[in-house]
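Visitor: Please see the structure below; I have some questions.
What follows is calculated from the coordinates using simple rules that are stated; it is not laboratory data. Since the structure is predicted, the reported quantities are computational estimates derived from the model, not experimental observations. For neighbour counting, all protein chains shown are included, and Cβ atoms are generated from backbone atoms with ideal geometry for every residue, glycine included.
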Amino acid sequence: MNEQDFSSDPEFEPLPNRAIVYRALLRKQWIDEDTGLVQSEAYYLRKNKNEQGLSVNIASVCSPEQCAAKFRTCYGVARLEVGGIRELGLDVIPDSISHAEIAGLPYAEDDTERADLLADLLAQQSQIIWQP
């Protein structure tokens, strides 16, 4: 077995449920122009990019502005609580001091119904806390 199990990697401590993570909103269509709310499209894994998890930054070591500055174009930064993500049966696995991935999401191509449901629920939990 060569698969790396990040959850047992002692290098990075698991995040507590009360921890906050930030999702950079890198596409304009990820924010509803009328309501200002995060769209579910922000929470789909891209199979064509072989994504294994959704990228998030850890709020305790990265401000919303720092999160946005990592990208050439960022339309907003959304805040999520780790405990709320875990309540959906997903996890947030740190892979560096300031970055983690939301793990456990299916590709829409493999399980459309579950991918749609989880993307919707994550979007509902999101709160935009920074916009340019």
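Visitor: Could you list all residues from region 67-84 that are in contact (Cβ under 8 Å) with a residue 60 or more places away in the chain and out of contact with any Phe, Trp or Tyr (no Cβ under 7 Å at 6 or more places or on another chain)?
Guide: Selection gives 80, 81, 82, 83.
Visitor: If you don't mind, another one. Does region 23-62 hold any residues that are in contact with a helix residue (DSSP H, G or I) (Cβ under 9 Å, 6 or more places away or on another chain), surrounded by 13 or more Cβ atoms within 10 Å (Cβ to Cβ) and free of Cβ contacts under 8 Å to residues at least 40 places away in the same chain, and which are they?
Guide: Scanning region 23-62 gives no hits.
Visitor: Is there a residue being of a type in the set (A, V, I, L, M) and over 11 Å from the mean Cα position of the chain (by Cα) anywhere in region 75-82?
Guide: Scanning region 75-82 turns up no residue that is of a type in the set (A, V, I, L, M) and over 11 Å from the mean Cα position of the chain (by Cα).
Visitor: Give the residues of region 109-129 that are hydroxyl-bearing (Ser, Thr, Tyr) and farther than 22 Å from residue 64 by Cα, sorted by residue number.
Guide: Matches in region 109-129: 112 only.
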